[in-house]
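One structure, pasted below without further comment.
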Ligand SMILES: Nc1ncnc2c1ncn2[C@@H]1O[C@H](COP(=O)(O)OP(=O)(O)OP(=O)(O)O)[C@@H](O)[C@H]1O
Ligand SMILES: [Mg+2]
């Protein structure tokens, strides 16, 4: 039961103070714009033009009004035509501005997405094991969406408003310096106060909504779990809880209403008051014959409204920019993580080694839990083509051994060697390219069976894929599907049974043809018939290559060349089945007699 209702607040990108550091990172974002800079500059140019034509419009309207008293028919028509031309020009400029900015935005974002993804996928396992992947994913997409907004709207608005404020004030000064000073004394202040006020009210009304949602959660929860409520005779408790929340709604909603009332009164008084003030003073100046016409006054009022709008809009932009800085910081944090040295090349991986594996005094602790030693002084060796089984209780460190071999993590001390060469000296792609792992929980990709098998060797031919499927004992069931290899497996492969998924994973490993094969409890979730099929497939797969098998069911590893018993991170016993079974009071002996007992 989700007792604690998650408010929408928690999912939003946090705002960041605009600091120098934050601003620098925002500027770093512009390195992603660089390839598009010519289009960007052209877009800026059109933005500038459309802002300027917006500024011409009040001027012309004022002139038009003046020609009512002083103008000729001809001048009236001329101004009308110019006005039309200005509108047409604004329309054309706006079109190009929007389209050009969209090009810049989309290409920049694609580059940013690709760069982040390329980087992310190369980050070491340490990075992923200390983060929740779902969160990471939604974080990145939310951040990029926010930046998209910043690029398409915020940036354009920002420049536009700057142009209007500066251009507007300049024009006003030309019309009448005295009236401009008079206006500047209070209009900007009122505009800013109005915006801050408005933001505050929005916050309160959001809080009200959150509280309402919380109280709804109580109803939902208690009705869903009504048997619990009744069985525990907790009606009174729930009634009290609900009353408390709904009473809180009243408090906060009334607080909001009070401010909203004040806001409306303020707007009414201050906004209209200041405009009236400007008109009053303007009319006074016209009346005194200070060189101003009534058309000028009209221009003045229009510009004042434009400027006030732009100033209050700037406050909104400020908070947008704060959010954008928060979003870039998240992305830059990811980009600043050190990736693994993986060469991205399309060439096929070379055969790196014959597959002789040696662990020498390896100790290890996971970076996220540094003081818990998971492996202590582990030493063992596997000759080329041998099959070695790792057994031991849950949590002993068996899977960890395989993760070290794949170099997901590096040992704290000791060395892991393949063909007498430290695995750190191998190219990472080459090393992993020569290993294949069949995990216990096979997660397939959402595509077709063919795509999932082909993943072992991208570009494999039809024959190779079918051959691998046959060797994995998978071809039989694939053939029973009407679509055969083209059958969709569903998200994560849910449309296949566990055993079918495993055989697909085995086919994938066969296709990869690795020097070293790792099987982590590959047959644990199967019935005996499927297990026989999978065992058979595995047997074929293991032939001639070094195999490391992790098994709970000891019956599957009797034939292994060597069995290594790991307990609490240490190698406790090692030898063949016969050797271990003859050890007096050995762990292996006890485990296997226990399993034989269980099977009856
Ligand atoms: N990513 C990780 N971060 C921190 N500790 C981990 C991580 N993965 C495993 N461990 C810890 O390391 C120890 C060994 O885990 P490991 O997965 O190797 O056990 P196992 O022998 O494979 O067990 P099982 O038979 O249950 O699969 C456990 O105590 C586990 O809690
Ligand atoms: Mg394990």
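What is the number of the single condition among (1) within 33 Å of the chain's Cα centre (by Cα); (2) in contact (Cβ under 8 Å) with a residue 24 or more places away in the chain that residue 333 does not meet?
(2)
Yes or no: residue 174 at pLDDT 85 or above, exposed (fewer than 15 other Cβ atoms within 10 Å of the Cβ) and under 26 Å from residue 320 (Cβ atoms)?
Here the answer is no, as residue 174 does not meet what is asked.
In the set 357, 401, 391, 412, which member is closer than 25 Å to residue 572 by Cβ, crowded, with 21+ Cβ neighbours inside 10 Å and either more than 16 Å from ligand 2 (Cβ to nearest atom) or outside the structural domain of residue 592 (by TED's automatic domain parsing) (or both)?
Of 357, 401, 391, 412, the one residue that is closer than 25 Å to residue 572 by Cβ, crowded, with 21+ Cβ neighbours inside 10 Å and either more than 16 Å from ligand 2 (Cβ to nearest atom) or outside the structural domain of residue 592 (by TED's automatic domain parsing) (or both) is 357.
Please go through (1) touching a residue at least 60 places away in the same chain (Cβ under 8 Å); (2) within 16 Å of ligand 1 (Cβ to nearest atom); (3) not in a loop (DSSP other than H, G, I, E, B) for residue 396 and return the number of the only condition it doesn't satisfy.
It is condition (3) that residue 396 fails.
Out of the residues in segment 363-384 meeting the condition of being part of a loop (DSSP other than H, G, I, E, B) and under 26 Å from residue 589 (Cα atoms), tell me which one is farthest from ligand 2 (Cβ to nearest atom).
Looking at residues that are part of a loop (DSSP other than H, G, I, E, B) and under 26 Å from residue 589 (Cα atoms), I get 383.
Assuming residue 463 fulfils every condition listed in (1) surrounded by fewer than 19 Cβ atoms within 10 Å (Cβ to Cβ); (2) within 16 Å of ligand 1 (Cβ to nearest atom); (3) without any contact (Cβ under 8 Å) to a residue 60 or more places away in the chain; (4) over 29 Å from the mean Cα position of the chain (by Cα) apart from one, which condition is it?
Unmet for residue 463, out of (1) surrounded by fewer than 19 Cβ atoms within 10 Å (Cβ to Cβ); (2) within 16 Å of ligand 1 (Cβ to nearest atom); (3) without any contact (Cβ under 8 Å) to a residue 60 or more places away in the chain; (4) over 29 Å from the mean Cα position of the chain (by Cα): (2).
Got a number for residues in segment 413-435 being without any contact (Cβ under 8 Å) to a residue 40 or more places away in the chain and touching a helix residue (DSSP H, G or I) at 6+ places or on another chain (Cβ under 9 Å)?
Summing the residues that are without any contact (Cβ under 8 Å) to a residue 40 or more places away in the chain and touching a helix residue (DSSP H, G or I) at 6+ places or on another chain (Cβ under 9 Å) in segment 413-435 gives 1.
Just give me the residues in segment 531-568 being over 18 Å from residue 521 (Cα atoms) and within 16 Å of ligand 1 (Cβ to nearest atom), in sequence order.
Selection gives 568 alone.
Taking only segment 417-456 into account, find how many residues are in a strand (DSSP E or B) and either within 28 Å of the chain's Cα centre (by Cα) or within 15 Å of ligand 1 (Cβ to nearest atom) (or both).
3
For residues that are more than 19 Å from residue 508 (Cα to Cα) and without any contact (Cβ under 8 Å) to a residue 24 or more places away in the chain, scanning just segment 533-573, find the one that is surrounded by the most Cβ atoms within 10 Å (Cβ to Cβ).
The residue in question is 573.
So, of the residues in segment 466-481 that are within 28 Å of residue 357 (Cα to Cα) and touching a residue at least 60 places away in the same chain (Cβ under 8 Å), which turns out to be nearest to ligand 2 (Cβ to nearest atom)?
472
Of all residues in segment 550-572, which are over 16 Å from residue 362 (Cα atoms), modelled with pLDDT of 90 or more and touching a helix residue (DSSP H, G or I) at 6+ places or on another chain (Cβ under 8 Å)?
Residues satisfying the conditions are 550, 563.
Then there is this: Can you find even one residue in segment 482-493 that is surrounded by fewer than 22 Cβ atoms within 10 Å (Cβ to Cβ), within 23 Å of residue 520 (Cβ to Cβ) and without any contact (Cβ under 8 Å) to a residue 40 or more places away in the chain?
The answer is no; no qualifying residue exists.
Out of all the residues in segment 361-393, which are more than 9 Å from ligand 1 (Cβ to nearest atom) and over 16 Å from residue 566 (Cβ atoms)?
Hits for segment 361-393 are 370, 371, 383, 384, 385, 386, 387.
Can you tell me which of 431, 443, 511 is within 16 Å of ligand 2 (Cβ to nearest atom) and either surrounded by 21 or more Cβ atoms within 10 Å (Cβ to Cβ) or within 26 Å of residue 389 (Cα to Cα) (or both)?
After applying the criteria, what remains is 443.
Scan segment 128-147 residue by residue and report those that are touching a helix residue (DSSP H, G or I) at 6+ places or on another chain (Cβ under 6 Å) and part of a loop (DSSP other than H, G, I, E, B).
Answer for segment 128-147, where residues must be touching a helix residue (DSSP H, G or I) at 6+ places or on another chain (Cβ under 6 Å) and part of a loop (DSSP other than H, G, I, E, B): just 130.
Out of 156, 145, 185, I need the residue that is farther than 29 Å from residue 259 by Cα and surrounded by fewer than 18 Cβ atoms within 10 Å (Cβ to Cβ). Which one?
145
Can you tell me which condition residue 419 does not meet? The list is (1) more than 16 Å from ligand 2 (Cβ to nearest atom); (2) more than 20 Å from residue 385 (Cβ to Cβ), and all the others hold.
The failed condition is (2).
Within segment 295-323, can you find the residues that are over 17 Å from residue 184 (Cβ atoms) and at pLDDT below 85?
Selection gives 313, 315, 316, 317, 318, 319, 320, 321, 322, 323.
What number of residues within segment 285-300 satisfy the criterion of being crowded, with 19+ Cβ neighbours inside 10 Å and either within 9 Å of residue 62 (Cβ to Cβ) or within 48 Å of the chain's Cα centre (by Cα) (or both)?
6
Please count how many residues of segment 574-599 are crowded, with 16+ Cβ neighbours inside 10 Å and part of a loop (DSSP other than H, G, I, E, B).
Of the residues in that region, 1 qualify.
The values are calculated or read from the model by the stated rules, or taken from the named source; none is laboratory data. Because the structure is predicted, anything quoted here is derived from the model rather than measured. Quick reminder, even Gly has a Cβ in these numbers, built from the backbone with ideal geometry, and neighbours come from all protein chains shown.
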